[in-house]
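A quick write-up on the structure given underneath.
The values are calculated or read from the model by the stated rules, or taken from the named source; none is laboratory data. This one's a predicted model, so the numbers in the text were calculated from it and none came from an experiment. For neighbour counting, all protein chains shown are included, and Cβ atoms are generated from backbone atoms with ideal geometry for every residue, glycine included.
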Amino acid sequence: MPLPRTALLLLLGTLAALWAPRQAEAAGGAIRFTVTVLEVSGNPGKVDPRAARLHALLKAKIRYESLKVLAVTRVSLKVDDIGQVRLPTGKSFRFRPIDAGPSGVLVAVDMQGTAQGDFRIPRGKPLILGGPSYKEGQLVVVLEAPA
Amino acid sequence: MRREDRRLLDLQAYHDGELSGLRRFFVARRIARDPAARRELLALRALGRELRSFDARLGEGDPALWSALRDQLPTQRRPAAEGSARRPRFGMRAAGWLGAGLAAAAAVAVALAVLPNPGDLSPPGSLRWLRSDGYPAVVLQDDREATIIWVLEGSDNAGALEKSKQRPEGPAGPAGTTGPVRPISPADLFGRAGGALA
C-alpha cells in the first residue's frame, strides 16, 4: 500500500525534524564559562578596578583590604567536557558541566587540594571559591556562566 | 487472496464496525476516493436496512421463513467463509497491531521531542555536595547575587576563626566531610564587613 507507507515516511520525517534541533542543542551547545582568579589580602592596598563588580559582591561578606585580579580565563565547554585552569599556587582548578538548562548549569568542581563539590550555577550568579593561602592573602576563584 | 477480495473483506469489516484505528482510517479514505467502493458500501448498507426491516415486520424465531427469505435476497459475492469476514485474518490483525504500535511510538517520540527537558531535578540551591579535605568551610549559598564557598585552610583563616570566637557550623568536620552543608551567617564568622580576614 503506497499511501500508508508515504504517510509513515512523512510522519517519521516530521519527527526527525522536531527531534534533531533538540539533540543538537543538548549535545553540541557549548557553554561559555569565565574563570577569574583573584588575590585578596588584609594588607592595605588597592582594589583592582577590573574586579569592581566582584568587589561589590565580596566586600559585604569577606574582610580584606586589597583585591587583585591575577587571571581571567574564558572556557567554552560542552556538557561532560572538563575545563582546567592552572592556579598561581601551582595547583589546578578543574570543572565539568554536568547539566545545562535555561536556569543554570550544574557543575562538578575540583579545586585541587582545597575543595571538591557539585554546584548549580544560575546564569549570571557566580560561584566564588576562596580560602587557599597565597602569598600574604588568600586565593579566590570565581566561576561564572553567562546570563 | 486477491486484492479485490481483500478490499471487499475490508469493506465488510468497515461496514460492520470491526476495524479500529489506523485501518479504519485507511479504508474510510479509500471509500471516499473510490466510487466503486462507495457503491459496495451503499449496497451493504441497503442490505442491512432490508434485513432489519424484515426482522421488524416478521419478528423472530421463524427459521423456515428466514430460509425462504434468504434465497430471495440479492447475492453478494463472498470470497471467504462468513466467519472469516467477521474476524480479520492473522495478517490483517498483525497489520492493525503494527499500526497501533507505530502510532504509540510516534506519540511517545512527539512527547519526547516537544515536551521540555526536565534537566536537573535536584532541589534548588547552589550546593549539591562539598568536600573540603578536612578543612572547615563556610557556605553562603542563599545570597541573591553569588554563591560563596570559603575554605579555612590557612593559619590566617584559623586566626580569623579565633578572632570571631565562633566555630563554623555544618561544614567543620573530619576529613572527607561530604553532603549538603548548612550555611552560617557571614557575620558570625567574619564580624562586621570591611575589616581584614587575617
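Of everything in the range B:134-158 that's more than 7 Å from every other protein chain (Cβ to nearest Cβ) and at pLDDT below 65, which residue is surrounded by the fewest Cβ atoms within 10 Å (Cβ to Cβ)? Step by step, filter the range B:134-158, then rank; the result is B:Ser155. Scanning the range A:107-144 for residues that are more than 7 Å from chain B (Cβ to nearest Cβ), outside any strand (DSSP E or B) and under 19 Å from A:Ala56 (Cβ atoms) yields A:Arg123, A:Gly124. Among the residues of this structure, A:Ile82 counts as one that is farther than 17 Å from B:Leu152 by Cα and more than 10 Å from chain B (Cβ to nearest Cβ). Within the range B:115-133, restricting attention to residues that are surrounded by fewer than 11 Cβ atoms within 10 Å (Cβ to Cβ) and hydrophobic (A, V, I, L, M, F, W, C), the residue that is modelled with the highest pLDDT is B:Leu115. Scanning the range A:20-32 finds one or more residues that are under 28 Å from A:Ala100 (Cα atoms) and either at pLDDT 95 or above or part of a strand (DSSP E or B) (or both).
Looking for something within 14 Å of chain A (Cβ to nearest Cβ), modelled with pLDDT under 85, under 28 Å from B:Ala106 (Cβ atoms) and surrounded by 14 or more Cβ atoms within 10 Å (Cβ to Cβ) - is there at least one such residue anywhere in the range B:6-14?
yes
Among the residues of the range A:60-74, the ones that are away from chain B (no Cβ under 14 Å) and either among the polar types (S, T, N, Q) or within 18 Å of the chain's Cα centre (by Cα) (or both) come to 6 in all. When B:Gly101, B:Gly17, B:Gly96 are checked against the criterion of being at pLDDT 70 or above, surrounded by fewer than 12 Cβ atoms within 10 Å (Cβ to Cβ) and within 14 Å of chain A (Cβ to nearest Cβ), a single residue qualifies: B:Gly101. Taken together, the residues in the range A:33-50 that are within 14 Å of chain B (Cβ to nearest Cβ), out of contact with any Lys or Arg (no Cβ under 8 Å at 6 or more places or on another chain) and not in a strand (DSSP E or B) amount to 2.
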